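The values are calculated or read from the model by the stated rules, or taken from the named source; none is laboratory data. Since the model is a prediction, treat every value here as computed from it, not as a measurement. Ideal geometry is used to build each Cβ from the backbone, glycine not excepted, and the neighbour counts take in all protein chains shown.
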Amino acid sequence: MDQQPWEWPDEEWQRRVGQVRAGRSLKPATWPGGARSAVALSFDSDHDTNELRDGGISIGRMSWGQYGTRVGIPRILDILKREAIPASFFVPAVAAKLYPDEQRRVIAEGHEIGLHGWIHELNSVLPEAVERDLHFRAADALEAITGRRPVGMRTPSWDFSPATLKIQREMGLIYDSSLMADDDPYELLENGEPTGIVELPVEWIRDDAPYFNMNRFQALRPYTPPPAVLDIFIREFDRAHAEGGLFLLTMHPHVITYRSRIFILEDVIRHIKDKAAGSGGVWFATHEQVARHVGQGLGAG
């Protein structure tokens with residue numbers, strides 16, 4: 001429409017706001033095993049697709065992505081195995097096709113692989129037919145490599161187009177993990193109607209990339225000292241635990257696993273386990289496990 005936002009009739013801004021909204025809270029009264037809180041660790045295995053999705057040709061940036069699979073994933077999996085913790089990995093299909101053995105190892109070690117686009121595209125600006133094709137092709141590719149069809153999605157742009165939720169429903173997904181309307185799980189509404197899809201909310205505060213990433217050709221130079229990032233993550237967990245809620249953390253293999261940063265993951269896990277030992281326990285779970293627990297009886301449709 002040609003009108004400026006301040007000229008819109010009430011129906012227009014109501015329509016825009018109402019496309020996808022947070023519905024009822026799905027924070028459970030109890031977590032499995034009587035745990036006081038739940039912890040869902042996730043890793044977005046973007047690898048080379050951060051460069052490829054922009055049509056880039058930078059060998060340097062692609063080597064940065066390769067660090068994620070060559071060094072990052074093995075370090076992460078070794079820690080998770082040592083600590084006996086499951087996690088969720090969100091993988092663009094192109095990254096999975098580049099490194100299929102990595103995906104098979106992730107699944108073999110008891111973790112989950114979820115959808116993260118085809119080539120880490122900005123799905124929120126795509127035509128509906130293109131977005132639908134890429135999501136379905138991505139699901140087919142991950143299933144072909146791992147033998148398991150993904151049941152959840154984290155959109156590569158942490159955003160929705162007007163068609164994203166409709167496509168997720170067509171795919172029969174049980175959860176999304178891309179939106180930010182709450183700290184704890186909730187049901188997604190589409191134009192005011194319950195969808196049966198569980199939202200496991202993310203937040204940039206609980207993501208490693210904003211604290212460390214940079215762009216050498218722009219003025220983007222964020223760098224928070226690793227101990228400060230650890231402190232933020234610990235404070236996020238402590239409040240979630242005190243409230244009996246969900247602590248969901250997003251990390252990237254090409255960001256968190258450097259020698260000066262990997263202690264963040266190790267110390268977060270150590271802190272959570274120490275806290276849990278004296279205050280009600282913690283349930284470590286994949287995103288799928290959390291979604292199935294809080295979404296019992298919803299029935300995604």
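The set of residues in the stretch 119-133 being in a loop (DSSP other than H, G, I, E, B), closer than 27 Å to residue 191 by Cα and of a type in the set (A, V, I, L, M, F, W, C) consists of 122, 126. Cβ separations smaller than 6 Å between residues 6+ apart or across chains give the following pairs from the stretch 205-217 residues that are among the aliphatic types (A, V, I, L, M) to residues that are at pLDDT below 95: 214/220; 214/221.
Listed conditions (1) loosely packed, with under 11 Cβ neighbours inside 10 Å; (2) under 15 Å from residue 246 (Cα atoms) are all met by residue 218, apart from (2).
So, residue 169, is that one over 21 Å from residue 250 (Cα atoms), touching a Gly at 6+ places or on another chain (Cβ under 8 Å) and assigned to a helix (DSSP H, G or I) or not? Criteria met by residue 169.
Quick check on the stretch 186-195. Is at least one of its residues farther than 20 Å from residue 17 by Cβ and modelled with pLDDT of 95 or more? No, the stretch 186-195 contains no residue that is farther than 20 Å from residue 17 by Cβ and modelled with pLDDT of 95 or more.
To keep it simple, each residue is scored yes or no on (1) more than 17 Å from residue 264 (Cα to Cα); (2) more than 21 Å from the chain's Cα centre (by Cα); (3) small (Gly, Ala, Ser); (4) assigned to a loop (DSSP other than H, G, I, E, B).
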| site | (1), (2), (3), (4) |
| --- | --- |
| 189 | yes, no, no, no |
| 196 | yes, no, yes, no |
| 210 | no, no, no, no |
| 215 | yes, yes, no, yes |
| 221 | yes, yes, no, yes |
| 224 | no, yes, no, yes |
| 227 | no, yes, no, no |
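Among the residues examined, residue 108 qualifies as surrounded by fewer than 17 Cβ atoms within 10 Å (Cβ to Cβ), of a type outside the set (D, E, K, R) and out of contact with any Phe, Trp or Tyr (no Cβ under 7 Å at 6 or more places or on another chain). When residues in the stretch 163-195 are screened for being among the small types (Gly, Ala, Ser), closer than 21 Å to residue 132 by Cα and surrounded by fewer than 17 Cβ atoms within 10 Å (Cβ to Cβ), 1 of them pass. Remark: pairs (first residue in the stretch 255-283, at positive phi; second residue among the hydrophobic types (A, V, I, L, M, F, W, C) and not in a helix (DSSP H, G or I); Cβ separation under 8 Å; 6+ apart in sequence or on different chains) = 280/35; 281/35.
With the condition kept exactly as written, say whether any residue in the stretch 89-105 is surrounded by fewer than 18 Cβ atoms within 10 Å (Cβ to Cβ), in a loop (DSSP other than H, G, I, E, B) and under 20 Å from the mean Cα position of the chain (by Cα). No, the stretch 89-105 contains no residue that is surrounded by fewer than 18 Cβ atoms within 10 Å (Cβ to Cβ), in a loop (DSSP other than H, G, I, E, B) and under 20 Å from the mean Cα position of the chain (by Cα).
On the given criteria, is residue 206 at pLDDT 95 or above and under 18 Å from the mean Cα position of the chain (by Cα)? When the stated conditions are applied, residue 206 passes them. Any chance the stretch 134-157 includes a residue that's touching a Ser or Thr at 6+ places or on another chain (Cβ under 9 Å), crowded, with 16+ Cβ neighbours inside 10 Å and part of a helix (DSSP H, G or I)? Checked the stretch 134-157: at least one residue is touching a Ser or Thr at 6+ places or on another chain (Cβ under 9 Å), crowded, with 16+ Cβ neighbours inside 10 Å and part of a helix (DSSP H, G or I).
Yes/no per residue for (1) in contact with a Gly (Cβ under 9 Å, 6 or more places away or on another chain); (2) farther than 30 Å from residue 271 by Cβ; (3) hydrophobic (A, V, I, L, M, F, W, C):
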site: 4; (1), (2), (3): no, yes, no
site: 7; (1), (2), (3): no, yes, no
site: 21; (1), (2), (3): yes, yes, no
site: 26; (1), (2), (3): yes, no, yes
site: 47; (1), (2), (3): yes, no, no
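Does residue 69 count as surrounded by fewer than 24 Cβ atoms within 10 Å (Cβ to Cβ), among the hydroxyl-bearing types (Ser, Thr, Tyr), modelled with pLDDT of 95 or more and under 15 Å from residue 253 (Cα atoms)? Yes; evaluated as a whole, the condition is true for this residue. For the stretch 256-301: of the residues being in contact with a Pro (Cβ under 8 Å, 6 or more places away or on another chain) and over 25 Å from residue 199 (Cβ atoms), which is surrounded by the most Cβ atoms within 10 Å (Cβ to Cβ)? Among residues in the stretch 256-301 that are in contact with a Pro (Cβ under 8 Å, 6 or more places away or on another chain) and over 25 Å from residue 199 (Cβ atoms), the one surrounded by the most Cβ atoms within 10 Å (Cβ to Cβ) is 264. Look at residue 114 and say whether it is touching a Lys or Arg at 6+ places or on another chain (Cβ under 7 Å), of a type in the set (Gly, Ala, Ser) and buried (at least 21 other Cβ atoms within 10 Å of the Cβ). So residue 114 passes the test. For the stretch 113-131, the count of residues that are in contact with an Asp or Glu (Cβ under 9 Å, 6 or more places away or on another chain) and charged (D, E, K, R) is at least one. None of 88, 63, 58 is in contact with a helix residue (DSSP H, G or I) (Cβ under 8 Å, 6 or more places away or on another chain), modelled with pLDDT under 95 and among the hydroxyl-bearing types (Ser, Thr, Tyr) except 58.
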